[in-house]
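Down below is the structure, laid out as structure tokens.
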Amino acid sequence: MGEGGTKPKFTIDPDSAKFKLNEIVVKHYKEVQEAKDRGEKIGWCASNFPQEIFQTLGIKVCYPENQAAAIAARGAGQRLCEISEAEGYSNDICAYARISLAHMKVGETPEQNMPLPDFVLCCNNICNCMIKWYENISKELGIPMILIDIPFNPDYEVSDAQVAYVRSQFLAAVEQLEEITGKKWSDEKFREVMDISNRTSRAWLEATSYTKYTPSPLNGFDLLNHMAVAVCARGTIDAAEAFETLLEEYKKAVKEGTSTFRAEEKYRIMFEGIACWPHLRATATGLKSRGINMVATIYADAFGFIYDDFDGLIRAYCNVPNAMNLEHARDKREAIVKNTNAEGLLVHTNRSCKLWSGFMYEMSRQIGEDCQIPVTSFDGDQADPRNFSEAQYETRVQGLMEIMETNKGGKD
Amino acid sequence: MTTLNKLLDSFHEIASSPKKQLDAYLSEGRKVVACVPVYTPEELIHSMGLVPMGAWGGDIELKESKKYFPAFICSIMQSILELGIRGEYSGISAIVVPSLCDSLKCLGQNWKYAVKDIPFIPVTYPQNRKPDWGKELTKVSYERIIRDLEAATGVIFSQDALARSNKIYNEHNEAMRKLSEVLEQHPSITAVQRRDIFKSAYFMEKEEHTALVCQFMEALSQVVETESKLKVITTGILADSDGLLKIFDEHGLQIVGDDVAHESRQYRIDVNLELEPLEGLADKFSRMDHCSVLYDPEKKRAGYIVDLAKKHKASGVVVLITKFCDPEEFDYVTVKRACGEAGIPVIQIEVDRQIVNYEQAGTMIETFKDMF
Ligand code: SF4
Ligand code: SF4
């Protein structure tokens with residue numbers, strides 16, 4: 001998981017959501033570097049680690065997944081993967097991990113730099129691969145690792161036993177971080193951070209829900225960029241405000257009938273999986289040139305954490321998409337398909353992500369049947385450019401489009 | 001035929017025909033539960049009078065599993081599912097699947113739809129398994145397995161019976177640890193034969209296996225060894241392929257100790273019999289270490305392998321990487337480094353349940369031998 005940010009362009013309106021969101025990402029990297037330069041201890045953090053912990057403590061962290069996505073989007077995925085492979089890492093390992101371990105080794109990566117960490121914060125609610133990756137960083141750099149282990153939930157609901165286990169780890173993590181950084185926990189600050197995080201998440205979820213309009217006021221691929229902010233700044237007022245601006249823009253666009261999807265929206269699909277960052281243009285163009293807009297993605301939900309209290313917070317982190325059983329994950333997606341009137345499902349079978357792809361064939365079959373929409377998959381990788389074939393992608397998308405076209409005929 | 005050869009034959013027979021073992025248990029009216037790697041609380045299953053049988057897949061062609069798994073999932077997961085779909089496990093009462101790696105999480109989810117007639121029982125292990133709250137989650141997970149097993153089989157759990165099973169398993173662990181030590185003194189036992197002894201443990205009840213292993217060690221003690229081989233340590237998830245193990249034998253390599261999940265990793269830790277039985281079993285998991293699927297921020301496993309090699313005076317370490325096994329692929333780098341620093345040569349061989357031709361591995365082993 002985790003997303004890349006884009007560089008701000010000076011031509012953008014400084015009051016626009018896009019500008020604000022880009023600024024947040026730039027500021028995020030800048031602040032963590034400044035903290036490091038001041039001699040503060042900074043961390044590397046998994047995308048779905050409870051950010052409320054370090055926001056409350058006032059600790060700066062940065063996100064290897066975001067960094068890897070940005071590096072891959074800027075064309076350096078293969079170069080970094082190869083550095084790790086030369087160290088002995090198999091090219092079957094998640095490319096985010098390979099890129100990150102390479103950055104750890106070289107220390108400087110111009111495509112998206114990030115200071116080296118003094119500790120790592122791991123949370124495996126997205127995958128266990130994360131544990132191994134962070135273990136190796138911790139060992140290699142000789143720095144502490146804090147793991148909040150959120151096991152994959154085989155049941156539909158999160159059990160009280162799981163909540164109790166994760167709650168204990170949350171508290172232990174706070175203590176460990178206090179010790180590492182010398183900063184102190186404040187309950188008052190924690191409440192404030194929870195409020196802001198909820199405000200950000202609500203704005204994010206509401207904004208992303210605007211793809212339900214036909215035509216959608218946004219090109220779904222926009223969300224892939226904005227997600228970087230949902231990951232790295234959920235607990236900040238800046239992010240809350242930027243997403244609120246985004247929401248206003250979408251409201252306005254619906255009213256005025258405009259959209260950031262710069263083509264006629266002929267088909268609406270759900271896109272499953274992480275973007276192919278190294279081939280973002282090819283994948284986006286393959287859709288846009290056919291008038292296909294991505295209006296549905298589980299990703300939007302993945303970073304919207306809404307809760308009322310501490311236990312609710314814990315439950316929210318236990319209920320992220322990759323930690324759910326097939327039935328729960330399927331139902332969530334089916335609700336999105338119905339809500340957005342998606343007419344097809346395009347699945348990225350992502351070679352990097354075993355968990356996300358490992359039961360996707362069955363789940364997408366069920367979604368297709370239940371929602372009566374065609375399902376097509378293509379092979380790719382979110383960050384290693386070598387695992388994607390544009391020709392296959394084109395053929396598959398064309399095939400999907402043809403079925404959607406036939407279905408439209410049938411429905412008329 | 002000597003007692004020793006007879007015993008080796010039985011180990012071989014059992015190791016190579018799990019289906020026959022299964023059918024025999026079923027025809028006796030026993031209920032069988034499949035146990036998927038890497039760790040399942042077999043003691044629980046055994047205590048309920050059910051027969052736990054290991055399900056680590058097989059060297060078979062994959063067809064049906066590909067409808068569920070993409071190609072980049074390990075062949076252990078793929079072949080377990082394939083066997084399930086083909087009906088090879090038919091008659092089994094349930095399958096217990098832990099979620100210790102991402103691929104294992106997926107197996108359980110696919111199983112529910114691919115093999116509908118055999119119930120899937122999940123095991124949720126905590127990675128932060130050492131603190132009391134971690135042990136508590138293990139215990140709760142075990143209680144859930146008990147409930148699911150009771151529902152699937154109608155058998156009732158009792159702490160007393162578990163106390164007995166814990167003891168039987170401890171005795172088996174001890175026998176297997178001793179076996180590994182004894183085999184170090186006996187280069188005449190081939191890699192294939194060694195594998196047979198370890199593998200057969202998965203297809204029979206442990207008290208029986210302990211008895212056979214003890215008889216075997218007794219018979220072996222009479223054997224005077226004349227040859228000597230190049231001593232190596234193996235590490236990985238699985239060292240099962242005949243084709244691969246024969247290369248060890250052909251090139252005069254003796255496995256003097258292992259850190260293989262399918263072999264010795266299972267037998268390192270005993271249940272503390274002083275504790276209340278279920279708690280004791282949860283406590284056992286909390287003390288397990290040195291494994292790619294158990295959280296290990298200090299990467300103690302790498303040092304463990306170095307120590308193992310030193311202890312057994314091994315000339316080198318053979319890392320058998322199961323293709324697409326990311327936990328092992330991550331660990332490989334630290335293992336390689338630690339061995340390098342200790343001056344212990346390492347070779348990495350990729351294994352896959354679909355590979356039949358290990359010619360390339362043969363060449364690698366040949367080169368490896370030349371290093372001494
Ligand atoms: S394995 Fe999947 S979920 Fe885990 S870091 Fe890689 S892409 Fe993300
Ligand atoms: S071989 Fe590796 S990837 Fe496969 S199930 Fe075992 S631990 Fe997981």
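Just to check your reading of the model, which residue among B:ILE76, B:ILE92 is more than 16 Å from ligand 1 (Cβ to nearest atom), within 14 Å of another protein chain (Cβ to nearest Cβ) and touching a strand residue (DSSP E or B) at 6+ places or on another chain (Cβ under 9 Å)?
On the way: B:ILE92 fails: within 14 Å of another protein chain (Cβ to nearest Cβ).
Residue meeting the stated conditions: B:ILE76.
The condition (being crowded, with 24+ Cβ neighbours inside 10 Å and more than 20 Å from the chain's Cα centre (by Cα)) is satisfied by just one residue among A:PRO117, A:PRO64: A:PRO117. Within the range A:190-208, the residues that satisfy the criterion of being of a type outside the set (A, V, I, L, M, F, W, C) and open to solvent by 40 Å² or more (accessible area, probe 1.4 Å) are A:ARG191, A:GLU192, A:ASP195, A:ARG199, A:ARG202, A:GLU206. Selection over the range B:24-73 of residues that are over 19 Å from B:CYS106 (Cα atoms) and either small (Gly, Ala, Ser) or within 16 Å of ligand 1 (Cβ to nearest atom) (or both) gives a count of 5. Take the residues in the range A:153-189 that are open to solvent by 10 Å² or more (accessible area, probe 1.4 Å) and among the aromatic types (Phe, Trp, Tyr), then tell me which one is farthest from the chain's Cα centre (by Cα). Residue satisfying both the conditions and the ranking: A:TRP185. Considering the range A:351-369, and only residues there that are within 23 Å of A:ASN153 (Cα to Cα) and away from ligand 2 (no atom under 16 Å from the Cβ), the residue that is farthest from the other protein chains (Cβ to nearest Cβ) turns out to be A:ILE367. Kindly evaluate A:ILE93 against the criterion of being within 14 Å of chain B (Cβ to nearest Cβ), open to solvent by 40 Å² or more (accessible area, probe 1.4 Å) and touching a helix residue (DSSP H, G or I) at 6+ places or on another chain (Cβ under 6 Å). So A:ILE93 does not fit the description; no. You will find that of A:TYR165, A:TYR134, the residue that is more than 7 Å from every other protein chain (Cβ to nearest Cβ) and part of a helix (DSSP H, G or I) is A:TYR134 and no other.
Note on the range B:349-372: residues that are of a type in the set (Asp, Glu), closer than 13 Å to B:LYS323 by Cβ and in contact (Cβ under 8 Å) with a residue 40 or more places away in the chain total 1. Checking the structure you have, find out if any residue of the range A:305-313 is open to solvent by 10 Å² or more (accessible area, probe 1.4 Å), modelled with pLDDT of 95 or more, away from ligand 1 (no atom under 13 Å from the Cβ) and within 17 Å of A:PHE221 (Cα to Cα). No, the range A:305-313 contains no residue that is open to solvent by 10 Å² or more (accessible area, probe 1.4 Å), modelled with pLDDT of 95 or more, away from ligand 1 (no atom under 13 Å from the Cβ) and within 17 Å of A:PHE221 (Cα to Cα). Annotation: of all residues in the range A:224-279 being among the hydroxyl-bearing types (Ser, Thr, Tyr) and either touching a Phe, Trp or Tyr at 6+ places or on another chain (Cβ under 6 Å) or assigned to a loop (DSSP other than H, G, I, E, B) (or both), the one that is least open to solvent (accessible area, probe 1.4 Å) is A:TYR250. Only residues that are open to solvent by less than 10 Å² (accessible area, probe 1.4 Å) and facing chain A (nearest Cβ under 9 Å) were counted in the range B:108-120, giving 3. The residues of the range A:367-397 that are in a helix (DSSP H, G or I), open to solvent by less than 20 Å² (accessible area, probe 1.4 Å), touching a helix residue (DSSP H, G or I) at 6+ places or on another chain (Cβ under 7 Å) and of a type outside the set (Phe, Trp, Tyr), listed by number, are A:ILE367, A:VAL397. Does B:LYS130 satisfy the criteria of being part of a loop (DSSP other than H, G, I, E, B) and either surrounded by fewer than 20 Cβ atoms within 10 Å (Cβ to Cβ) or at negative phi (or both)? Against the criterion (part of a loop (DSSP other than H, G, I, E, B) and either surrounded by fewer than 20 Cβ atoms within 10 Å (Cβ to Cβ) or at negative phi (or both)), B:LYS130 qualifies. For B:PHE72, the test of being open to solvent by 10 Å² or more (accessible area, probe 1.4 Å) and hydrophobic (A, V, I, L, M, F, W, C) is passed.
This table checks each residue for (1) in contact with a Cys (Cβ under 9 Å, 6 or more places away or on another chain); (2) part of a strand (DSSP E or B); (3) surrounded by fewer than 17 Cβ atoms within 10 Å (Cβ to Cβ).
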| position | (1), (2), (3) |
| --- | --- |
| B:SER200 | no, no, no |
| B:ALA211 | no, no, yes |
| B:THR226 | no, no, yes |
| B:LYS231 | no, yes, no |
| B:THR234 | no, yes, no |
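Whether any residue in the range B:243-258 is touching a residue at least 24 places away in the same chain (Cβ under 8 Å) and within 14 Å of ligand 2 (Cβ to nearest atom) is what I want to check. Checking the range B:243-258: not a single residue is touching a residue at least 24 places away in the same chain (Cβ under 8 Å) and within 14 Å of ligand 2 (Cβ to nearest atom).
Could you pull out the residue among B:GLY362, B:GLY303 that is under 23 Å from B:LYS130 (Cα atoms), of a type outside the set (A, V, I, L, M) and either over 18 Å from the mean Cα position of the chain (by Cα) or open to solvent by 20 Å² or more (accessible area, probe 1.4 Å) (or both)? Talk me through it step by step, then tell me what you get.
Details: B:GLY362 fails: under 23 Å from B:LYS130 (Cα atoms).
Just one listed residue meets the conditions, B:GLY303.
Going through B:ALA94, B:ALA55 one at a time, which residue ends up being touching a Cys at 6+ places or on another chain (Cβ under 7 Å) and either within 22 Å of B:LEU278 (Cβ to Cβ) or aliphatic (A, V, I, L, M) (or both)?
None of the other options fit; the residue is B:ALA55.
Close contacts from the range B:68-88, counting a first residue that is on the phi > 0 side of the Ramachandran plot and a second that is assigned to a loop (DSSP other than H, G, I, E, B), with Cβ to Cβ under 6 Å and a gap of 6+ residues or different chains, come to none at all. Just one of (1) open to solvent by 10 Å² or more (accessible area, probe 1.4 Å); (2) within 16 Å of ligand 2 (Cβ to nearest atom); (3) closer than 25 Å to A:PHE119 by Cβ fails for A:TYR29. It is (2).
The values are calculated or read from the model by the stated rules, or taken from the named source; none is laboratory data. This one's a predicted model, so the numbers in the text were calculated from it and none came from an experiment. Heads up, the Cβs are rebuilt from the backbone with ideal geometry, glycines too, and the neighbour counts pull from every protein chain shown. These accessible areas exclude ligands, DNA and RNA; they are computed on the full protein's heavy atoms, side chains included. Shrake-Rupley method; radii C 1.70, N 1.55, O 1.52, S 1.80 Å.
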